[in-house]
Amino acid sequence: MFENLQDRLGSILNGLTGRGALSEADVSAALREVRRALLEADVALDVVRSFTDRVREKAVGAEILKSIKPGQMVVKIVHDELIEMLGGEGVGIDLHAPAPVVVMMVGLQGSGKTTTSAKIAHRLSTREKKKVLMASLDTRRPAAQEQLRQLGAQANIDTLPIISGQSPTDIAARAVQAARLGGHDVVILDTAGRTHIDEPLMVEMADIKKRSNPHEILLVADSLTGQDAVNLARSFDERVGITGLVLTRMDGDGRGGAALSMRAVTGKPIKLIGVGEKMSELEEFHPRRIADRILGMGDIVSLVERAAENIDAEKAAAMAAKMAKGKFDLDDLADQLRQMQKMGGMGGIMGMMPGMAGMKDKMAAAGLDDRLFGRQIAIIQSMTKAERANPDLLKHSRKKRIAAGSGTDAAAINKLLKMHRQMADMMKMMGGKGKGGMMKQMMGGLAGKMGLGGGMGGGMPDLSNIDPRQLEALQKQAEAAGLGKPGGGMPGLGGLPGGLPGLGGAKLPGLGGGFPGLPGLPKKK
């Protein structure tokens, strides 16, 4: 979503940090470029103007121009103002009200209200163990009520029985009454939309609000809309009174201007963002983390949370036990590849790692995209159980059979086997004796630098059990240790200059100049 803006701001701010001293003219020239980058990203003009004015006011002060690293101070100011523009602290859905808490969803047709209603219901029922009732108030769009009923059945969420001929306001009153009688904690009202804002729509929304008395009114907006999203948010806020925003299609290729503008224009927090089609692909909006991503500082906390959600704890424990013995077969490699796919693939992981944003393009140019994972998993699945456990069995005739079964060739199989050998060698080193093995030493060093200590025998703590506030503290400690600085290395990995082993920085033994689990990038000629 923010890739274009990230590239533009990254190059502008890197130009500032490389200088020893800054003049007012340098700051003004950089801010002109920042203004242009924000406008190109479809951020509203008045939002851009107030943003650059605030940055200039702080950036041309005497204490900045005379500081030891003025360029980095300007980057910090831009970062802080970006967080402020996005809303400061993250705000979730407020359920602090007598049950059933009524959540009213509003927005234009096609913005994703119905799907988002089901995603929110799924999130509340699975994460917060709430009993949720969904009701469709859309009597205009064909099969809209049936769509919500089917989504409810898929996610195992209760939906209000459909009675034809009822008006939206009557359905709203019936839904609240049914939720009260059924002992539901939350009732979600999915209202009708229009292709554009009109008077009958606003009157209908006001009537529904009067009858159902919602605690939360969430405006669902398509983040690809651009400038129109700002007018939409302003109109709904003035006529209905929204309490928060939900942005859909944040995984799209839009320029991100809607996300930056809507919060600043309405003053209402962005509460959730849709990052995919699946029921689980709805995330809380954290301004600090989004600002870090935009400025290429990575998002370690979200990466940790995503890992905690997607990694099977029992499998991880079994893998750790095998690693300690120096064992690593092709089944283990397939599991690793599948986990990386679940976490958003190579692009998703790279985008969240500090200093790695620019690495995605280089990897794509070298053919290391997420389709590579699929091909490698297909090769492994085409092998017999014995072959996966013992790759030494793979001679020419077996490789020919596997290539035919996976739709690849012998060269692809040889690359996979070479990669597996390198990883297996590395696992033996990491599981070696003496001071608990290389892996434990490395992770212990990283934990020590970040002030975490303890856990897992002196290594990293169990991240899946850390609450969100501890995770935020972890992010700040990571920044202090050099993890969150653009171009900063990963502590514990020899201070690699903004890179992973073998991708332009120093190499780890046994990796053959590649990211763990991937062949090395070709060298520049």
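Coordinate-derived values only; no laboratory data. It should be emphasised that the depicted structure is a prediction, and the values quoted were computed from it without experimental measurement. Because the Cβ atoms are built from the backbone with ideal geometry, glycine has one as well, and the counts that use them run over all protein chains shown.
Applying 1/(1 + (r/R0)^6) with R0 = 60 Å to the Cβ-Cβ distance of Lys400 and Gln150, what FRET efficiency is obtained, to the nearest 0.05? Working shown, then result.
Working: r = 46 Å, r/R0 = 0.77.
In this case the efficiency is close to 0.80.
Could you check how many percent of all C-alpha pairs in region 31-140 are farther apart than 19 Å? Working shown, then result.
Values: 3853 of 5995 pairs.
Everything past 19 Å amounts to 64 percent.
Which of the peptides 105-116, 395-406 is most tightly packed, and how do the rest follow, going by the mean number of other Cβ atoms within 10 Å of each residue?
Details: 105-116: 21.9, 395-406: 14.1.
Packing proxy ranking, top to bottom: 105-116, 395-406.
Can you list residues from other chains, or at least 5 along the same chain, whose modelled amide H is less than 5 Å from the amide H of Asp222?
Placed amide hydrogens put Thr248 under 5 Å from Asp222.
If I model region 368-428 as equal point scatterers sitting on the Cα atoms and use the Debye formula, what is log10 I(q)/I(0) at q = 0.12, 0.30 Å⁻¹?
With no solvent term, the Cα-only Debye profile gives -0.27, -1.42.
Determine which residues of region 107-129 fall in the zone a paramagnetic label at Asp198 would reach in this model, i.e. backbone nitrogen under 15 Å from the point 7 Å along Cα→Cβ.
Within reach of a label on Asp198: 108-110.
Once you put a point 7 Å from the Cα of Arg338 and another 7 Å from the Cα of Ala378, both along the Cβ direction, what distance in nm separates them?
That separation, rounded to one decimal, is 1.8 nm.
For region 69-199, count the residues as N, evaluate 2.2 N^0.38 Å, and divide the Cα radius of gyration by that value, please. Mind showing how you got there, number by number?
Details: Rg = 18.8 Å, N = 131, 2.2 N^0.38 = 14.0 Å.
So the Cα radius of gyration is 1.34 times the expected 2.2 N^0.38 Å.
Filter Lys342/Lys418; Lys76/Lys278; Lys130/Lys268; Lys278/Lys385; Lys113/Lys268; Lys322/Lys400 down to the pairs with a C-alpha to C-alpha distance above 27 Å, please.
Details: Lys342/Lys418 24 Å; Lys76/Lys278 36 Å; Lys130/Lys268 25 Å; Lys278/Lys385 32 Å; Lys113/Lys268 18 Å; Lys322/Lys400 30 Å.
Check vs 27 Å cut-off fails for Lys76/Lys278; Lys278/Lys385; Lys322/Lys400.
List, in order, the whole-Hz ³J(HN,Hα) value for each residue of region 112-129 obtained from phi through the Karplus relation with A = 6.51, B = -1.76, C = 1.60 and θ = phi - 60°; use x for Gly and Pro.
Couplings: x, 4, 5, 4, 5, 4, 5, 5, 5, 4, 4, 5, 5, 6, 7, 8, 10, 6 Hz.
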